[in-house]
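Chemist: This structure is in structure tokens; I'll ask about it shortly.
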Amino acid sequence: MLNVIFRCDDFWVLNKPVGMSFHAESNERGVMETLKQDYPSMTFYPVHRLDKMTSGILLVALNKEAAAKFGELFELHQIEKRYIALSDRKPKKKQGAVKGGMVPSRRGQWRLTTENDNLAVTQFFSTSFDGFRAFIVRPLTGKTHQIRVALKSLGSPIFGDDRYSGTPADRGYLHAYSVSFEWAGELRSYSVMPSNGEHFNAKFCDFVRAHFAEKFLKWPSGK
């Protein structure tokens, strides 16, 4: 059963485990199939997705009106998401933004272009941690594989992300750490630490709380 960290009449906030696809693959149930089986009397509406290798915060709507509202919030870039990641390679720059068009490439990959079609904008801060490079990432758009492509373009593919030339590991070290948005006139904010992975351990979680707290981060405004 999926871990539900918040419930209300309009939406649930899930903590998706690493290794679970959003939709079913072969004989493996995905997030939506698992919800349907575990809560057969309820109807769930997807509002965004996480890659199979990515764990963490995932929102699902419980009615059409809420799903439409989330669609509007995402379209207007009024949902703030934060991801945390590890790489074993030093980036070309410690902080800043990665911006470019996203186009399909070979073997299910995507790549960045200098065009603005299907534009992806990814802001980040990074710092050294225990022999790795730790990243906190703020995606301003929601393109497929956006963060994975952005970090690879910096020379720091995500540790364990074999699709994008990451060093083999026990998991892909990308986690959807937090989400915040306004709902019914109230600011809603949810966060969850990773709980799976040799290097997503208690020491790393303490490091994130100490170094990546929002009060310490001065994100650039806009795109």
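Chemist: Based on the mean of other Cβ atoms within 10 Å per residue, sort peptides 164-173, 67-76 so the most packed one is first.
Modeler: Values: 164-173: 18.1, 67-76: 14.8.
Most protected by this proxy first, the peptides run 164-173, 67-76.
Chemist: Can I ask one more? In whole Hz, what ³J(HN,Hα) sequence does region 90-96 give by Karplus (6.51, -1.76, 1.60; θ = phi - 60°), x for Gly and Pro?
Modeler: 6, x, 5, 9, 6, 8, x
Chemist: Could I ask something else about it? Out of the total accessible area of region 68-114 (probe 1.4 Å, heavy atoms of protein only), what percent is carbon and sulfur? Numbers along the way, then the final one.
Modeler: On the way: 1400 of 2880 Å².
After summing per-atom areas, the C and S share lands at 49 percent.
Chemist: Could I ask something else about it? Based solely on its DSSP helices, what 222 nm [θ] is calculated for the chain when runs of n ≥ 4 H residues each add -39,500 (n - 2.57) and the sum is averaged over all residues, nearest 500 deg cm²/dmol? Walk me through the intermediate numbers first.
Modeler: Numbers: 4 runs with 38 residues, N = 223.
The per-residue figure over the chain is -5000 deg cm²/dmol.
Chemist: Report, in cubic angstrom per residue, the convex hull volume of the C-alpha atoms of the chain. Please report the intermediate quantities before stating the final value.
Modeler: Numbers: hull volume 29.6 nm³, N = 223.
For the chain, the hull spanned by Cα atoms encloses 133 Å³ per residue.
Chemist: Next question. Which order do Trp12, Trp110 take when ranked by solvent-accessible area (1.4 Å probe, heavy atoms of all protein chains), largest first?
Modeler: Numbers: Trp12 10, Trp110 65 Å².
The most accessible residue leads, giving Trp110, Trp12.
Chemist: Still on this structure: For the chain, what does the accessible surface come to per residue with a 1.4 Å probe? Please give it in Å².
Modeler: Numbers: 11330 Å² over 223 residues.
It amounts to 51 Å² per residue over the chain.
Chemist: Using protein chains only and a probe of 1.4 angstrom, how many square angstrom of Ser156 are accessible, to the nearest 10?
Modeler: Solvent-accessible area, nearest 10 Å²: 0 Å².
Chemist: So which residue, out of Pro104, Pro17, Pro46, gets the largest mean-square fluctuation from a GNM of the chain using Cα contacts under 10 Å as springs?
Modeler: Top of the fluctuation ranking is Pro104.
Chemist: Please compute the net charge surrounding Glu198, taking Lys and Arg as +1 and Asp and Glu as -1 over other residues with Cβ under 9 Å from its Cβ. Please list the in-between numbers first.
Modeler: Details: positive: Arg171; negative: Asp170.
In short, 0.
Chemist: Let me ask you something else. Which entries in the list Lys52/Lys92; Lys52/Lys81; Lys16/Lys90; Lys16/Lys94; Lys143/Lys203; Lys143/Lys215 go over 21 Å, if you measure between the two C-alpha atoms of each? Provide the component values of the computation, followed by the final result.
Modeler: Numbers: Lys52/Lys92 27 Å; Lys52/Lys81 18 Å; Lys16/Lys90 28 Å; Lys16/Lys94 29 Å; Lys143/Lys203 31 Å; Lys143/Lys215 27 Å.
Distance filter (> 21 Å) returns Lys52/Lys92; Lys16/Lys90; Lys16/Lys94; Lys143/Lys203; Lys143/Lys215.
Chemist: Can you give the local net charge around Ser165? Use residues other than it whose beta-carbon is closer than 14 angstrom to its beta-carbon, Lys and Arg +1, Asp and Glu -1.
Modeler: Local charge sum for Ser165: +4.
Chemist: Can you give the charge dipole size of the chain about its Cα centre, rounded to the nearest 20 debye, using +1 on the beta carbon of Lys and Arg and -1 on the beta carbon of Asp and Glu?
Modeler: Numbers: 32 positive and 23 negative charges, 192 e Å.
Here the chain has a charge dipole of around 920 debye.
The values are calculated or read from the model by the stated rules, or taken from the named source; none is laboratory data. It should be emphasised that the depicted structure is a prediction, and the values quoted were computed from it without experimental measurement. Counting neighbours? That spans all protein chains shown, and the Cβs are built from the backbone with ideal geometry, glycine included. For the accessible areas, the whole protein counts, side chains as well, though only heavy atoms, and no ligand, DNA or RNA atoms are used. Shrake-Rupley method; radii C 1.70, N 1.55, O 1.52, S 1.80 Å.
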